[in-house]
Amino acid sequence: MKTYYDPADLPKFGTISQLQPELAEKFFDWYGAVFAEGALTQREKSLIALAVAHAVQCPYCIDAYTTDSMQKGATEQMMMEAVHVSAAIRGGASLVHGVQMMNKVNEVSM
C-alpha cells in the first residue's frame, strides 16, 4: 500500500536545492551551524531534535534523529525519555488552554 511517507524519500532531502539553490544553501549552512557542538553537545541537540520531531509528528525527522541519536551515543532510555518530555509538553500545552475555556465559562456565566 502506498502512503505519503516513504522512507526512501529521506535521503532525497538534499534535492530541495534544485528549485531554489540560493535559499537551500542558506538553510543547509544554518542547519549545520545549529547542530554543531556549542553550549549543548551534539548528542543533546540530537535528543532535542528527536523530541521535537515527535511533537511536530515528522516521520522523516523521527527516523533521522533516532539514528543520529544512537550514533551519538544516546541510549534507548534517553531517547524514550526525550519522547516523554515531548508528550508532556504537548499535553501541558493543551491543558493550559483550559484556563482560556474556564475564563470564557466565567464570562458567559456572569
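The numbers here are math on the coordinates, done by the rules we state, and not lab data. Every value quoted in this text rests on a predicted model; they were computed, and no experiment measured them. Cβ atoms come from the backbone with ideal geometry, glycine included; neighbour counts cover every protein chain shown.
Number of residues in the range 45-79 that are basic (K, R) and surrounded by fewer than 17 Cβ atoms within 10 Å (Cβ to Cβ): the value is 1.
Within the range 36-57, how many residues turn out to be over 14 Å from the mean Cα position of the chain (by Cα) and in a helix (DSSP H, G or I)?
Summing the residues that are over 14 Å from the mean Cα position of the chain (by Cα) and in a helix (DSSP H, G or I) in the range 36-57 gives 2.
The residue list Y60, Y31, Y65 contains one member that is free of Cβ contacts under 8 Å to residues at least 12 places away in the same chain, assigned to a helix (DSSP H, G or I), of a type in the set (F, W, Y) and closer than 29 Å to T3 by Cβ, which is Y31.
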